[in-house]
Amino acid sequence: MDIIRKLETEQMKPTLPPFSVGDTVRVSYKIREGEKERIQVFQGTVIGVKGSGIRRTMKVRRIVAGEGVERTFPLHSPKLTDIEVTRMGRVRRAKLYYLRSRVGKATRVKQIFGKSYATQAAPTPSAQPAEAAS
């Protein structure tokens, strides 16, 4: 089993941007059409994240011409080129499948202002050891 885990960790992407359920994201995904390859952007709300390790996926939902469209993206796929968080959402559920039955303004998720994942991950100055401070 250790051999399989080692192979999987070699194939995983070294860094993924931090995001959570309820966030609005722009996912850039490679699309192959015949001989040509292009990048298509899919922007929507993350309604679910499941799996772990190399099998981790996220489900993104958006409304196109009044019709709901959902797409599942494997996070460690080589076809996935970029994930950009455009706004952070405040939710109290792990899965937002209830948004499927909602229409119009009822599909909106409350936005978190003033916070970003970059500021949350930054270490605080008081966390440094006393030896390094002197």
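We did not get these values from a lab; they are worked out from the coordinates using the rules stated. Note that this is a predicted model, so its numbers are computed, not measured. Because the Cβ atoms are built from the backbone with ideal geometry, glycine has one as well, and the counts that use them run over all protein chains shown.
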Exercise. Which of the following values of P(r) over Cα pairs in 10 Å bins from 0, in percent was calculated from the structure shown: [x] 10, 33, 30, 18, 7, 2, 0; [y] 13, 44, 36, 7; [z] 11, 42, 35, 11, 1?
Worked result: [x]
Exercise. Simple spin-label model, 7 Å along Cα-to-Cβ: Ser20 to Arg93 in nm?
Worked result: 1.7
Problem set entry | Pairwise label distance in nanometres, Lys79 with Ile4, each label 7 Å out on the Cα-Cβ vector | 2.4
Exercise. Normalized C-alpha radius of gyration of segment 1-59, against 2.2 N^0.38 Å?
Worked result: 1.40
For this session: Figure the gain on full extension for Gln43 and Arg56 (residue separation times 0.36 nm, minus the Cα-Cα span) and round it to one decimal in nm.
Result: 2.8 nm
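Can you tell me the dipole magnitude for segment 2-103 around its Cα centre, using point charges on the Cβ only (Lys, Arg +1; Asp, Glu -1), in Debye to the nearest 20? Before the final figure, lay out the partial values.
On the way: 23 positive and 11 negative charges, 103 e Å.
Roughly 500 debye for segment 2-103.
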Problem set entry | Nonlocal amide H pairs with Ile112, under 5 Å, H built at 1.01 Å | Met88, Gly89, Arg90
Exercise. Mind listing the phi-derived Karplus ³J(HN,Hα) values for segment 18-29, rounded to whole Hz, using 6.51, -1.76 and 1.60 with θ = phi - 60°, and x for any glycine or proline?
Worked result: x, 8, 9, 5, x, 6, 9, 10, 10, 9, 9, 10
Seminar exercise, completed: Summed over the other residues with a beta carbon less than 10 angstrom from that of Val69, with K and R at +1 and D and E at -1, the charge totals +1
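Around Ile112, under 11 Å between beta carbons, what's the net of Lys plus Arg minus Asp minus Glu among the other residues? Don't jump to the answer; show the numbers that get you there.
Working: positive: Arg87, Arg90, Lys110, Lys115; negative: Asp23.
That sum, taken over residues with Cβ under 11 Å, equals +3.
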Seminar exercise, completed: Given pairs Lys6/Lys59; Lys50/Lys95; Lys30/Lys95; Lys13/Lys50; Lys13/Lys36; Lys13/Lys110 and cut-off 21 Å on Cα-Cα distance, the over-length ones are Lys6/Lys59; Lys30/Lys95; Lys13/Lys36; Lys13/Lys110
For this session: Please work out the FRET efficiency for the pair Arg100 and Gln11, using the Cβ-Cβ distance as r and a Förster radius of 25 Å; give the result to the nearest 0.05.
Result: 0.20
